[in-house]
Amino acid sequence: MLKGLIRKIIPFSSVDGPGNRTSIFFQGCNFDCLYCHNPETINLCKKCGTCAFVCPYDAVEFLGDHVKWHEEKCMDCGLCLKNCKNNCGPRTKYMSVGEILKEILKYKPFISGITVSGGECTLQKNFLVDLFEKVKKLNLSIYVDTNGSTDFSKNKELTDLMDYAMLDIKSFDKDEHKMLTGMDNSIVLKNARYLASINKLYEVRTVIVPDLLDNDKNVDEISKLIASLDSNIRYKLIKYRPMGVRENKIKSLSPSNDYMENLKDICIHNGLSNIIIL
Ligand code: SF4
Ligand code: SF4
């Protein structure tokens with residue numbers, strides 16, 4: 001049976017799409033963004049067993065070829081992650097669709113839908129298809145929070161089942177995108193155009209980092225792209241915040257409110273009407 005590798009499930013979230021949603025975070029990402037504020041969701045466990053020896057609460061078991069995390073014993077002390085040379089820690093779980101549905105059903109009366117996020121959830125696209133087929137039957141909406149590296153036009157089953165995508169365009173410039181994430185942005189931009197053409201692009205997001213990116217140029221180009229697709233698509237400008245980032249990868253201050261407002265003005269000038277600063 002296909003299982004998904006899950007980092008965590010947040011029962012109620014009001015920041016991962018419209019309304020109150022259950023958010024499911026998948027482990028593993030193919031980007032390595034310099035400003036990632038959840039870097040422990042990037043790598044997959046290398047099964048070295050170190051965490052099992054450092055956990056003071058016996059919440060991690062080393063079984064020779066893998067480690068097992070016992071959630072009920074975990075005291076959230078953070079020692080396992082601190083000692084993990086792979087920077088992932090053991091706190092993930094393989095879950096079946098049935099197990100995730102059981103969680104969703106607990107919250108169903110209070111939510112309008114689910115959001116799948118990560119890590120990069122579309123790396124587990126076959127599992128998502130199985131999950132979405134079942135969630136559809138519950139009459140819940142499905143939003144996909146993605147870095148845009150999976151070509152949605154070539155994954156029709158997934159794209160047909162989801163309601164909307166929330167897409168990161170981290171940089172319009174391919175070299176800057178590569179410097180920031182380690183990957184090319186050609187599929188990301190292709191996805192923006194494709195998802196808008198089938199009316200499934202709910203939101204585009206860009207993180208604003210003053211000392212790393214050419215933000216004026218970037219926001220200018222991305223907002224022009226969105227305006228050319230559908231000026232009502234929401235564009236979220238997210239302030240870089242240094243919490244949780246890897247300090248050896250990035251050194252930047254958070255942008256000021258004025259700095260963000262200037263970027264918003266660029267978007268308005270380019271014809272966008274639905275702009276959020278976060
Ligand atoms: S956070 Fe890690 S080290 Fe701490 S109790 Fe939980 S599993 Fe053990
Ligand atoms: S979580 Fe990290 S420390 Fe623990 S077994 Fe995996 S790679 Fe090793």
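Just one of the listed residues (I100, I10) is more than 11 Å from ligand 2 (Cβ to nearest atom) and either closer than 30 Å to S171 by Cα or within 16 Å of the chain's Cα centre (by Cα) (or both), and it is I10.
Please tell me if D58 is exposed (fewer than 13 other Cβ atoms within 10 Å of the Cβ) and within 9 Å of ligand 1 (Cβ to nearest atom). Yes; evaluated as a whole, the condition is true for this residue.
State whether one or more residues within the stretch 252-267 are within 30 Å of E157 (Cα to Cα) and of a type outside the set (A, V, I, L, M, F, W, C). So far as the stretch 252-267 goes, no, none of its residues is within 30 Å of E157 (Cα to Cα) and of a type outside the set (A, V, I, L, M, F, W, C). Within the stretch 87-98, residues that are on the phi < 0 side of the Ramachandran plot and part of a helix (DSSP H, G or I) have Cβ atoms under 6 Å from residues that are away from ligand 2 (no atom under 13 Å from the Cβ) and among the charged types (D, E, K, R) in these pairs: V97/D130; V97/K134, counting only partners at least 6 apart in sequence or on another chain. Just wondering, is there one or more residues in the stretch 156-179 that are in a loop (DSSP other than H, G, I, E, B) and surrounded by fewer than 21 Cβ atoms within 10 Å (Cβ to Cβ)? Yes, the conditions are met somewhere in the stretch 156-179.
For the stretch 99-115, which positions are within 14 Å of F132 (Cα to Cα) and not in a helix (DSSP H, G or I)? Listed by number, the residues that qualify are G113, I114, T115.
Residues in the stretch 62-85 that are more than 10 Å from ligand 1 (Cβ to nearest atom) and surrounded by 12 or more Cβ atoms within 10 Å (Cβ to Cβ) were compared, and the one that is nearest to L44 (Cα to Cα) is H66.
Annotation note: Cβ proximity below 9 Å between a residue of the stretch 262-278 that is closer than 11 Å to N232 by Cα and a residue that is loosely packed, with under 12 Cβ neighbours inside 10 Å and not hydrophobic (A, V, I, L, M, F, W, C) (sequence gap 6+ or interchain) occurs for L272/N232; S273/N232; N274/N232.
So that you can scan it fast, the table gives a plain yes or no per residue for (1) in a helix (DSSP H, G or I); (2) of a type in the set (F, W, Y):
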position: L189; (1), (2): yes, no
position: Y194; (1), (2): yes, yes
position: V204; (1), (2): no, no
position: P210; (1), (2): no, no
position: L213; (1), (2): no, no
position: N218; (1), (2): yes, no
position: I222; (1), (2): yes, no
position: A227; (1), (2): yes, no
position: N232; (1), (2): no, no
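Annotation note: of V204, V219, the sole residue that is within 16 Å of the chain's Cα centre (by Cα) and surrounded by 21 or more Cβ atoms within 10 Å (Cβ to Cβ) is V204.
Screening the stretch 223-269 for residues that are under 22 Å from K200 (Cα atoms) and of a type in the set (G, A, S) and picking the one that is surrounded by the fewest Cβ atoms within 10 Å (Cβ to Cβ) gives S228.
The numbers here are math on the coordinates, done by the rules we state, and not lab data. Not measured: the values here are computed from a predicted model. With ideal geometry, Cβ positions are generated from the backbone for all residues, glycine too; neighbour counts draw on all protein chains shown.
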